[in-house]
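The values are calculated or read from the model by the stated rules, or taken from the named source; none is laboratory data. Model, not experiment: these values are computed from the prediction. Virtual Cβ from ideal backbone geometry, glycine too; neighbours counted across all protein chains shown.
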Amino acid sequence: MDFFRSFGRNFFEYTQGKATYNLDDKSLSGYEVNELFRNDGSGRFTRVGYCSGAGSKRDGRGFVPGDFRRTGALDFFVVNNAQPWLYLENTAAIGRHHAIVQLKGRKSNSYGVGARIRLTAGGRSQVREINAGSGFLSSPAPEAHFGLGSADRIEKIEVRWPWTKEWQEVREVDADKVVVIEEGAGFSYRKIGRKWELIDGH
């Protein structure tokens, strides 16, 4: 069995009985149809890639979700291998309430990477984590996006910072804002001067 000598080439040569499977310089990597699943809120997910434009057959490698336009809707940016990139603009969520939470660490790292955020609005709780990677050589902005639906007010936001077991809590937060929570302190609202100004001056 001859595993990868280079990226996606010479995957394997396998002989079983009299049947020989030899891929030579072909590859099983790439050109699988991309998928997008919608959380139905009941523990089930529905495939929507084929009807949303996300079901591309390009050789996708890097994937970054983000509210690039600051409309409250998460768009998707997909980097493809040796092919043009793909930008998917989300129009389904425009007009619904949302919140973007950014962290400002003091004892922890400055962006709160590794922190867990729990937001409660309209009697429903959601959990996000701040991470530093979403795909091959790609990373989203260090912030958490929450879709709030019809809820126009956030009851509370709780943060468990990296390397701690305690939760920091802030209450009565406005929806449709970029909320900055400082470790061990309170919160503030961040004004975004430009659509693409994600984390400048943090």
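Evaluated against (1) over 18 Å from Thr71 (Cβ atoms); (2) modelled with pLDDT under 95; (3) not basic (Lys, Arg), Glu158 falls short on exactly one condition, (2).
Under the condition of being in contact with a helix residue (DSSP H, G or I) (Cβ under 8 Å, 6 or more places away or on another chain) and farther than 25 Å from Ser125 by Cβ, which residue from the range 32-77 is surrounded by the most Cβ atoms within 10 Å (Cβ to Cβ)? Taking the candidates together, the pick is Asn34.
Within the range 169-187, being in a strand (DSSP E or B) and over 21 Å from Gly66 (Cα atoms) holds for Glu169, Val170, Arg171, Glu172, Val173, Glu182, Phe187. Residues in the range 87-120 that are of a type outside the set (A, V, I, L, M), part of a loop (DSSP other than H, G, I, E, B) and within 16 Å of the chain's Cα centre (by Cα): Glu89, Asn90, Tyr111, Gly112, Gly114. Filtered by the rule that a residue be among the hydroxyl-bearing types (Ser, Thr, Tyr) and either without any contact (Cβ under 8 Å) to a residue 12 or more places away in the chain or over 14 Å from Trp161 (Cα atoms) (or both), the range 91-149 gives Thr91, Thr120, Ser125, Ser134, Ser138, Ser139.
Applying the condition of being of a type in the set (A, V, I, L, M) and touching a Gly at 6+ places or on another chain (Cβ under 9 Å) to the range 110-138 and asking which residue is nearest to Lys156 (Cα to Cα) yields Ala121. Across the range 114-142, the number of residues qualifying as touching an Asp or Glu at 6+ places or on another chain (Cβ under 9 Å) and among the aliphatic types (A, V, I, L, M) comes to 6. Annotation: Pro142 fulfils all but one of (1) crowded, with 18+ Cβ neighbours inside 10 Å; (2) more than 15 Å from Val101 (Cβ to Cβ); the unmet one is (2).
On inspection, Pro84 does not qualify as surrounded by 15 or more Cβ atoms within 10 Å (Cβ to Cβ) and not in a strand (DSSP E or B). Ala151 meets each of the listed conditions (1) under 16 Å from Glu183 (Cβ atoms); (2) of a type in the set (Gly, Ala, Ser); (3) part of a loop (DSSP other than H, G, I, E, B) apart from (1).
Let's see how each residue does on (1) among the hydrophobic types (A, V, I, L, M, F, W, C); (2) at pLDDT below 95; (3) under 16 Å from the mean Cα position of the chain (by Cα):
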site	(1), (2), (3)
Trp163	yes, yes, no
Glu166	no, yes, no
Arg194	no, yes, no
Leu198	yes, yes, yes
